[in-house]
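The values are calculated or read from the model by the stated rules, or taken from the named source; none is laboratory data. Since this is a predicted model, take the numbers as computed values, not measurements. Using ideal geometry, Cβ is built from the backbone for each residue, glycine included, and neighbour counts are taken over all protein chains shown. Areas reflect the complete protein model, heavy atoms only, side chains present, ligands, DNA and RNA absent. Shrake-Rupley method; radii C 1.70, N 1.55, O 1.52, S 1.80 Å.
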Amino acid sequence: MKIGILISGRGSNMLAIVKAVQSGLIPDSKVAVVISDKINAEGLLKAKERKIETLVVGKNGRAREEHDAEIVEELKKRGVELICLAGYMRLLSKEFVRAFPNKIINIHPSLLPAFKGLDAQRQAIDYGVKVSGCTVHFVDEALDHGAIIAQKTVAVIDDDTAETLAARILEHEHALYVQAVRQIAAGEIEIVGRRVVSVKN
Ligand code: GAR
């Protein structure tokens with residue numbers, strides 16, 4: 001399975017997926033390209049160190065549709081079959097989503113459907129929840145809305161700030177994301193309506 005990973009920043013989830021592919025934990029797969037919309041994304045260096053092709057597709061004042069069309073073209077050119085959004089901080093256009101139906105997944109640092117959008121960890125602190133976590137889900141045309149593949153809970157403690165909670169959630173994001181990609185690569189899950197279930201043989 002050829003994987004394309006989209007990032008905007010640090011790239012720790014991207015690196016977790018790359019390591020899992022290169023160690024064989026995610027079977028029969030290759031990370032074909034890591035694409036960033038930001039030229040200075042830290043993750044680009046991490047990908048290069050792992051000998052992964054990197055590409056910057058900047059927005060350069062273009063409309064979302066035009067920017068996305070270039071990314072779609074680069075992904076198609078490389079035969080990418082699964083796209084992992086890993087801290088990619090731009091909304092995808094519907095054209096992008098429709099170009100890869102049920103082939104785009106995302107990790108979000110909350111227990112969806114709670115706290116969609118930006119700063120999910122701060123939203124959780126401000127709301128006062130006692131439990132938060134992270135979610136891996138398929139991407140559809142609505143924000144943080146597609147069918148849920150996996151979730152992991154993380155307790156919120158009294159002294160937590162958005163930053164300490166984000167750091168504790170991140171520790172679980174890497175394993176959860178790798179596990180979800182592994183299940184997809186191994187053909188272990190399928191989407192039935194809004195539910196992602198194990199494939200029964
Ligand atoms: C992660 O916490 C990820 O869940 C979050 O950005 C961080 C990226 O870290 N994504 C979102 O908030 C998407 N709405 P990373 O670049 O080190 O993987």
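Side notes on the structure shown:
- Total residues in segment 83-110, condition of a type in the set (Ser, Thr, Tyr), without any contact (Cβ under 8 Å) to a residue 60 or more places away in the chain and within 14 Å of the ligand (Cβ to nearest atom): 1
- Segment 40-98, subset farther than 26 Å from ALA20 by Cα and among the polar types (S, T, N, Q), residue nearest to the chain's Cα centre (by Cα): SER93
- A count restricted to segment 37-80 and to residues that are within 18 Å of LYS2 (Cβ to Cβ) and among the polar types (S, T, N, Q) stands at 1.
- Screening VAL131, VAL139, VAL156 for residues that are within 14 Å of the ligand (Cβ to nearest atom) and touching a strand residue (DSSP E or B) at 6+ places or on another chain (Cβ under 8 Å) leaves exactly one candidate, VAL139.
- Qualifying residue in segment 185-194 (condition: modelled with pLDDT of 95 or more, in a helix (DSSP H, G or I) and away from the ligand (no atom under 16 Å from the Cβ)): yes
- Residues in segment 151-172 that are under 18 Å from the mean Cα position of the chain (by Cα) and open to solvent by 20 Å² or more (accessible area, probe 1.4 Å): GLN151, LYS152, THR153, ALA166, ALA167, ARG168, LEU170, GLU171, HIS172.
Residue-by-condition table, conditions (1) under 17 Å from ASN106 (Cβ atoms); (2) open to solvent by less than 20 Å² (accessible area, probe 1.4 Å):
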residue: LEU6; (1), (2): yes, yes
residue: LEU15; (1), (2): yes, no
residue: LYS19; (1), (2): no, no
residue: SER23; (1), (2): no, no
residue: ASP28; (1), (2): no, no
residue: LEU44; (1), (2): no, yes
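- Neighbours by Cβ (under 8 Å, 6+ apart or cross-chain): first from segment 126-145, at positive phi; second charged (D, E, K, R) and within 12 Å of the ligand (Cβ to nearest atom): GLY133/LYS152; ASP144/LYS116
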